[in-house]
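Q: Okay, handing you the structure first.
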Amino acid sequence: MKPSYSSIGELEAAIVSCRACPRLVHYRENLEPRASYASQVYWRKPVPGFGDLDGKLLVLGLAPASHGAERTGRIFTGDASSRFLVKALHAAGFANQPVSESRDDGLAYSGCYITAVVKCVPPGDRPTREEFASCSPFLDAEVSLMQNLEGVLALGSLAFGAYVSHLARAGGDARGMRFAHGAVYRVKGGPTLYAGYHPSPRNTNTGRLTMPMLVALLKKIRRDLRI
Ligand code: SF4
(Lines give C-alpha, C1' and ligand atoms only; values in the text may rest on other atoms or scores of the structure.)
Protein backbone atom coordinates (compact mmCIF):
# COMPACT_ATOMS: atom_id res chain seq x y z
CA MET A 1 0.00 0.00 0.00
CA LYS A 2 1.27 3.47 -0.86
CA PRO A 3 2.06 5.75 2.08
CA SER A 4 -0.25 8.72 2.49
CA TYR A 5 0.61 12.00 4.15
CA SER A 6 -1.92 14.19 5.88
CA SER A 7 0.22 17.32 5.78
CA ILE A 8 3.09 18.82 3.88
CA GLY A 9 5.15 18.82 7.08
CA GLU A 10 4.74 15.07 7.44
CA LEU A 11 5.65 14.56 3.79
CA GLU A 12 8.72 16.82 4.00
CA ALA A 13 9.97 14.95 7.07
CA ALA A 14 9.63 11.65 5.21
CA ILE A 15 11.45 13.03 2.16
CA VAL A 16 14.35 14.56 4.08
CA SER A 17 15.01 11.37 6.05
CA CYS A 18 14.71 9.00 3.07
CA ARG A 19 17.62 6.64 2.32
CA ALA A 20 15.89 4.32 -0.15
CA CYS A 21 18.41 4.66 -3.01
CA PRO A 22 21.90 3.48 -1.95
CA ARG A 23 23.66 4.96 -5.00
CA LEU A 24 22.12 8.41 -4.47
CA VAL A 25 22.64 8.39 -0.71
CA HIS A 26 26.33 7.66 -1.24
CA TYR A 27 26.64 10.28 -3.97
CA ARG A 28 24.91 13.11 -2.11
CA GLU A 29 26.72 12.41 1.16
CA ASN A 30 30.10 12.46 -0.55
CA LEU A 31 29.65 15.54 -2.74
CA GLU A 32 32.90 17.43 -3.06
CA PRO A 33 32.24 21.13 -2.39
CA ARG A 34 33.23 23.61 -5.06
CA ALA A 35 36.23 25.75 -4.09
CA SER A 36 34.03 28.84 -3.99
CA TYR A 37 31.70 27.15 -1.46
CA ALA A 38 34.44 25.44 0.58
CA SER A 39 33.43 27.25 3.78
CA GLN A 40 29.77 26.19 3.50
CA VAL A 41 28.12 23.11 4.97
CA TYR A 42 26.34 21.34 2.14
CA TRP A 43 22.76 20.09 2.70
CA ARG A 44 23.54 16.57 1.37
CA LYS A 45 19.99 15.28 2.01
CA PRO A 46 16.90 14.82 -0.16
CA VAL A 47 15.36 18.17 -1.14
CA PRO A 48 11.58 18.59 -0.80
CA GLY A 49 9.46 20.98 -2.84
CA PHE A 50 8.97 24.62 -1.99
CA GLY A 51 6.33 27.25 -2.64
CA ASP A 52 2.61 27.83 -2.56
CA LEU A 53 0.95 24.47 -2.02
CA ASP A 54 -2.44 26.13 -2.53
CA GLY A 55 -1.35 27.40 -5.94
CA LYS A 56 -2.81 26.22 -9.23
CA LEU A 57 0.55 25.46 -10.86
CA LEU A 58 3.16 22.81 -10.14
CA VAL A 59 6.58 23.44 -11.70
CA LEU A 60 8.49 20.21 -12.03
CA GLY A 61 12.24 19.84 -12.44
CA LEU A 62 14.28 16.65 -12.62
CA ALA A 63 16.46 16.62 -9.46
CA PRO A 64 18.47 18.87 -7.14
CA ALA A 65 21.75 20.22 -8.51
CA SER A 66 25.03 19.27 -6.83
CA HIS A 67 26.06 22.82 -5.95
CA GLY A 68 22.57 24.32 -6.01
CA ALA A 69 19.82 22.61 -4.02
CA GLU A 70 22.10 19.89 -2.59
CA ARG A 71 24.22 22.73 -1.20
CA THR A 72 21.51 25.15 -0.06
CA GLY A 73 18.73 22.70 0.89
CA ARG A 74 16.01 24.41 -1.18
CA ILE A 75 14.92 23.33 -4.62
CA PHE A 76 16.07 25.59 -7.51
CA THR A 77 18.31 27.65 -5.23
CA GLY A 78 21.90 28.76 -5.66
CA ASP A 79 22.91 27.63 -9.14
CA ALA A 80 22.67 28.92 -12.70
CA SER A 81 19.44 27.07 -13.54
CA SER A 82 17.78 28.46 -10.43
CA ARG A 83 18.83 32.03 -11.19
CA PHE A 84 17.36 31.78 -14.68
CA LEU A 85 14.11 30.12 -13.58
CA VAL A 86 13.43 32.40 -10.63
CA LYS A 87 14.13 35.52 -12.65
CA ALA A 88 11.52 34.30 -15.14
CA LEU A 89 9.04 33.38 -12.40
CA HIS A 90 9.42 36.86 -10.94
CA ALA A 91 8.88 38.48 -14.33
CA ALA A 92 5.71 36.42 -14.77
CA GLY A 93 4.40 37.34 -11.30
CA PHE A 94 4.94 34.01 -9.50
CA ALA A 95 7.85 35.09 -7.27
CA ASN A 96 8.26 38.05 -4.93
CA GLN A 97 11.90 38.55 -5.98
CA PRO A 98 14.14 37.60 -8.89
CA VAL A 99 16.79 36.02 -6.66
CA SER A 100 17.11 32.48 -5.28
CA GLU A 101 20.42 32.06 -3.50
CA SER A 102 19.81 30.58 -0.04
CA ARG A 103 17.03 29.21 2.17
CA ASP A 104 16.86 32.48 4.12
CA ASP A 105 16.89 34.90 1.16
CA GLY A 106 13.20 35.83 1.55
CA LEU A 107 11.98 34.20 -1.66
CA ALA A 108 8.28 33.35 -1.72
CA TYR A 109 6.18 31.96 -4.54
CA SER A 110 2.56 32.81 -5.13
CA GLY A 111 0.35 30.62 -7.27
CA CYS A 112 2.97 27.93 -7.82
CA TYR A 113 4.79 25.16 -6.01
CA ILE A 114 8.12 23.84 -7.29
CA THR A 115 9.55 20.41 -6.84
CA ALA A 116 11.77 17.82 -8.48
CA VAL A 117 10.80 14.37 -9.67
CA VAL A 118 13.78 12.80 -7.89
CA LYS A 119 14.67 14.38 -4.56
CA CYS A 120 18.40 13.52 -4.46
CA VAL A 121 21.06 14.63 -6.91
CA PRO A 122 21.96 11.80 -9.32
CA PRO A 123 25.43 11.36 -10.82
CA GLY A 124 25.50 12.95 -14.28
CA ASP A 125 21.93 14.22 -13.76
CA ARG A 126 20.68 10.75 -14.73
CA PRO A 127 18.56 8.84 -12.23
CA THR A 128 18.12 5.15 -12.97
CA ARG A 129 14.75 3.65 -13.74
CA GLU A 130 14.72 2.14 -10.23
CA GLU A 131 15.48 5.53 -8.64
CA PHE A 132 12.65 7.20 -10.56
CA ALA A 133 10.35 4.45 -9.30
CA SER A 134 11.57 4.66 -5.70
CA CYS A 135 10.97 8.41 -5.52
CA SER A 136 7.65 8.42 -7.37
CA PRO A 137 5.46 8.07 -4.22
CA PHE A 138 6.78 11.42 -3.04
CA LEU A 139 5.74 13.14 -6.27
CA ASP A 140 2.36 11.42 -6.15
CA ALA A 141 1.92 12.68 -2.57
CA GLU A 142 2.89 16.27 -3.47
CA VAL A 143 0.39 16.27 -6.32
CA SER A 144 -2.35 14.91 -4.08
CA LEU A 145 -1.68 17.63 -1.47
CA MET A 146 -2.17 20.39 -4.07
CA GLN A 147 -5.91 20.81 -3.70
CA ASN A 148 -6.19 23.61 -6.28
CA LEU A 149 -3.87 22.12 -8.89
CA GLU A 150 -4.87 22.97 -12.46
CA GLY A 151 -1.57 22.93 -14.35
CA VAL A 152 1.83 21.24 -14.35
CA LEU A 153 4.85 22.69 -16.13
CA ALA A 154 7.44 19.97 -16.72
CA LEU A 155 10.92 21.36 -17.30
CA GLY A 156 12.82 19.08 -19.68
CA SER A 157 11.99 15.78 -21.27
CA LEU A 158 12.91 13.63 -18.25
CA ALA A 159 10.62 15.54 -15.88
CA PHE A 160 7.95 15.45 -18.58
CA GLY A 161 8.30 11.68 -18.91
CA ALA A 162 8.15 11.26 -15.16
CA TYR A 163 4.92 13.25 -14.98
CA VAL A 164 3.44 11.18 -17.80
CA SER A 165 4.32 8.10 -15.73
CA HIS A 166 2.58 9.72 -12.76
CA LEU A 167 -0.53 10.16 -14.91
CA ALA A 168 -0.42 6.51 -15.90
CA ARG A 169 -0.06 5.46 -12.25
CA ALA A 170 -3.04 7.63 -11.38
CA GLY A 171 -5.12 5.87 -14.02
CA GLY A 172 -5.15 8.76 -16.49
CA ASP A 173 -4.87 8.58 -20.26
CA ALA A 174 -1.23 9.48 -21.02
CA ARG A 175 -1.14 8.19 -24.59
CA GLY A 176 0.46 10.27 -27.32
CA MET A 177 2.15 12.82 -25.06
CA ARG A 178 5.48 13.94 -26.50
CA PHE A 179 7.87 16.50 -25.08
CA ALA A 180 8.29 19.77 -27.01
CA HIS A 181 8.83 23.25 -25.65
CA GLY A 182 5.43 24.94 -25.46
CA ALA A 183 3.44 21.73 -25.88
CA VAL A 184 0.14 21.69 -24.00
CA TYR A 185 -1.89 18.61 -23.14
CA ARG A 186 -5.39 18.93 -21.71
CA VAL A 187 -5.81 15.99 -19.37
CA LYS A 188 -9.34 14.76 -18.80
CA GLY A 189 -10.20 15.15 -15.13
CA GLY A 190 -6.74 16.42 -14.20
CA PRO A 191 -4.35 19.34 -14.46
CA THR A 192 -3.24 20.54 -17.88
CA LEU A 193 0.30 19.47 -18.72
CA TYR A 194 2.70 22.06 -20.16
CA ALA A 195 6.20 21.29 -21.40
CA GLY A 196 9.18 23.62 -21.41
CA TYR A 197 12.92 23.37 -21.87
CA HIS A 198 14.85 23.02 -18.64
CA PRO A 199 16.61 26.30 -17.71
CA SER A 200 20.02 24.62 -17.48
CA PRO A 201 23.09 26.38 -18.88
CA ARG A 202 23.23 23.84 -21.69
CA ASN A 203 19.95 25.32 -22.93
CA THR A 204 20.25 28.93 -21.81
CA ASN A 205 23.88 29.44 -22.89
CA THR A 206 23.15 28.11 -26.35
CA GLY A 207 20.03 30.20 -26.89
CA ARG A 208 17.81 27.13 -27.07
CA LEU A 209 15.90 28.64 -24.17
CA THR A 210 15.88 32.42 -23.80
CA MET A 211 14.44 34.52 -21.00
CA PRO A 212 11.64 35.90 -23.24
CA MET A 213 10.70 32.32 -24.23
CA LEU A 214 10.37 31.15 -20.63
CA VAL A 215 8.58 34.30 -19.44
CA ALA A 216 6.14 34.02 -22.36
CA LEU A 217 5.39 30.40 -21.49
CA LEU A 218 4.82 31.25 -17.81
CA LYS A 219 2.56 34.19 -18.71
CA LYS A 220 0.55 31.98 -21.06
CA ILE A 221 0.07 29.49 -18.23
CA ARG A 222 -1.07 32.33 -15.94
CA ARG A 223 -3.65 33.37 -18.50
CA ASP A 224 -4.83 29.82 -19.15
CA LEU A 225 -5.22 29.03 -15.46
CA ARG A 226 -6.52 32.51 -14.54
CA ILE A 227 -3.89 32.98 -11.87
S1 SF4 B 1 15.83 9.79 -4.65
FE2 SF4 B 1 13.92 9.80 -3.49
S3 SF4 B 1 13.56 7.65 -2.93
FE4 SF4 B 1 15.75 7.84 -3.49
S5 SF4 B 1 16.84 8.27 -1.55
FE6 SF4 B 1 16.35 10.27 -2.50
S7 SF4 B 1 14.38 10.84 -1.57
FE8 SF4 B 1 14.65 8.64 -1.21
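Q: For the stretch 151-227, which whole-number percentage of the solvent-accessible area (1.4 Å probe, protein heavy atoms only) is attributable to carbon and sulfur atoms?
A: That share works out to 51 percent.
Q: Between Ser6 and Val99, how many nm apart are label points set 7 Å from Cα along the C-beta direction?
A: For Ser6 paired with Val99, the spin-label model returns 4.0 nm.
Q: Provide the percentage of antiparallel DSSP beta bridges, counting only those with both residues in the chain; round to the nearest 5.
A: DSSP beta bridges in the chain are roughly 25 percent antiparallel.
Q: Among Arg175, Arg103, Arg126, which one moves the most in a GNM of the chain with springs linking Cα atoms closer than 10 Å?
A: Arg175
Q: Where q = 0.09, 0.18 Å⁻¹, what log10 of I(q)/I(0) comes from the Debye formula for the chain, counting one point per Cα?
A: The Debye formula, applied to the Cα set alone, gives -0.33, -1.48.
Q: So with the 1.4 Å probe, I'd like the accessible area per residue for the chain, rounded to whole Å².
A: 46
Q: Further question: How much length is gained on full extension from Arg34 to Ala170, taking 0.36 nm per residue of separation minus their Cα-Cα distance? Intermediate values should be presented prior to the final figure.
A: Numbers: separation 136, 0.36 × 136 = 48.96 nm, distance 4.01 nm.
So the extension gain works out to 44.9 nm.
Q: So between Arg178 and Asn148, what do we pick up on full extension, going 0.36 nm a residue minus the alpha carbon distance?
A: Details: separation 30, 0.36 × 30 = 10.80 nm, distance 2.53 nm.
So the extension gain works out to 8.3 nm.
Q: On a full-extension model of 0.36 nm per residue, what is the gain between Arg223 and Arg208, subtracting their alpha-carbon distance, rounded to one decimal in nm? Walk me through the numbers on the way to the answer.
A: Working: separation 15, 0.36 × 15 = 5.40 nm, distance 2.39 nm.
Between Arg223 and Arg208, full extension yields 3.0 nm more.
Q: Using just the Cα positions, wrap the stretch 112-227 in a convex hull and report its mean projected area in square nanometres, one decimal place.
A: Its Cα hull, projected and averaged over all orientations, spans 7.5 nm².
Q: What is the Cα centroid distance between the stretch 3-44 and the stretch 200-217, reported in whole angstrom?
A: Answer, in whole Å: 28.
Q: Hey, another quick one. Starting from the Cα of Lys219, draw a straight line to each of the lysines and keep only those under 30 Å, dropping any in the same chain fewer than 8 residues away.
A: Lys56, Lys87, Lys119, Lys188
Q: On to the next question. Let me understand the stretch 178-227 better: what is its radius of gyration from the alpha carbons, and its Dmax, in angstrom?
A: 12.1, 38
The values are calculated or read from the model by the stated rules, or taken from the named source; none is laboratory data. Values in this document were obtained by computation on a predicted structure and should not be read as measured data. Backbone-built Cβ (ideal geometry, glycine too); neighbour counts: all protein chains shown. Heads up: the accessible areas ignore ligands, DNA and RNA and are worked out on the full protein's heavy atoms, side chains in. Shrake-Rupley method; radii C 1.70, N 1.55, O 1.52, S 1.80 Å.
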